[in-house]
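Some notes on the structure that comes next.
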Amino acid sequence: IAELCDLSVYGYTNETRNSEKVSDITNLTSGRYYVEVKKKENANINISSVKNGEEELSYSASASAYTGDVEITDANLTISVEYKKYYKVTIQWNSENGEVTVDDINHDEQSAGKLVQTVMEDGTLIISAIPTTGYQLTDFTVDSVSVMDDLVNNSEKGSKEYTVENLDKDITVNVTFAIMSYSITVPSTIAHGTVSASSTSIDYNQSVDITL
């Protein structure tokens, strides 16, 4: 996992740890060493444990790394790292026309019409879309692909929900709300007169003139 973690090894001189790390860890001799394992700055992983053989290294908050002394007797150093990957889910919508919530309150970023959430590779995230009165949900996309057919109604919340799961990359979710529009139909003829409308449709909370 060299692309995800940095491994630093320091030797000892007369029981004092050297300040310079070993430059070539493929050519170690028997003896005592200090090992430090740290995830790379841009690595999208959470490390759960680091072991030297069967011996587990402890986590050092000050070093932001797993550290520990190891004794090498056969000139071999075997470090194993258990980790899980995580990904970013970015959700965007027009906050004036509706509300979007998720079932995890620990947001990486939150602003009007935008949420950024971390989701583990084996985790889930439920996204709820709730239109403002007079508006309706018209599209729900994941990386520009509509998933409207995958939404589930939540009658208790008055929302539609989508579950993010089995992630293997960062994704962007776009939720679109639009004002509700209604058709207006008037008879072509009526007894003793005529009727007409200034429009054949009307948006929520708007008006149309009807002339008799």
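The values are calculated or read from the model by the stated rules, or taken from the named source; none is laboratory data. Keep in mind that this is a model prediction, so the values were computed, not measured. Glycine gets a Cβ as well: all are built from the backbone with ideal geometry, and neighbour counts include every protein chain shown. Surface accessibility is based on the protein's heavy atoms, side chains included, excluding ligands, DNA and RNA. Shrake-Rupley method; radii C 1.70, N 1.55, O 1.52, S 1.80 Å.
Taking segment 152-171 as the range and being closer than 17 Å to Gln92 by Cβ, in contact with a Lys or Arg (Cβ under 9 Å, 6 or more places away or on another chain) and either open to solvent by 30 Å² or more (accessible area, probe 1.4 Å) or in a loop (DSSP other than H, G, I, E, B) (or both) as the test, only Asp170 passes.
Residues that are small (Gly, Ala, Ser), touching a strand residue (DSSP E or B) at 6+ places or on another chain (Cβ under 7 Å) and at pLDDT below 95 within segment 108-160 comprise Gly134, Gly158, Ser159, listed in sequence order. Apart from one condition, Val208 fits all of (1) modelled with pLDDT of 95 or more; (2) open to solvent by less than 40 Å² (accessible area, probe 1.4 Å); the exception is (1).
The residues of segment 71-80 that are in a strand (DSSP E or B) and either within 30 Å of Val145 (Cβ to Cβ) or open to solvent by 30 Å² or more (accessible area, probe 1.4 Å) (or both), listed by number, are Glu71, Ile79, Ser80.
One line per residue, one yes/no per condition, for (1) closer than 25 Å to Met148 by Cβ; (2) in a strand (DSSP E or B); (3) open to solvent by 60 Å² or more (accessible area, probe 1.4 Å); (4) touching a Ser or Thr at 6+ places or on another chain (Cβ under 6 Å):
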residue: Ile47; (1), (2), (3), (4): no, yes, no, no
residue: Val50; (1), (2), (3), (4): no, yes, no, no
residue: Asp69; (1), (2), (3), (4): no, yes, yes, no
residue: Tyr87; (1), (2), (3), (4): yes, yes, no, no
residue: Glu96; (1), (2), (3), (4): yes, no, yes, no
residue: Asp104; (1), (2), (3), (4): yes, no, no, no
residue: Ile127; (1), (2), (3), (4): yes, yes, no, no
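Of all residues in segment 165-188, those that are more than 16 Å from Ala129 (Cβ to Cβ) have Cβ atoms under 8 Å from Cβ atoms of residues that are of a type in the set (D, E, K, R) and modelled with pLDDT under 85, 6 or more apart or on another chain, in Ser181/Asp203; Tyr182/Asp203.
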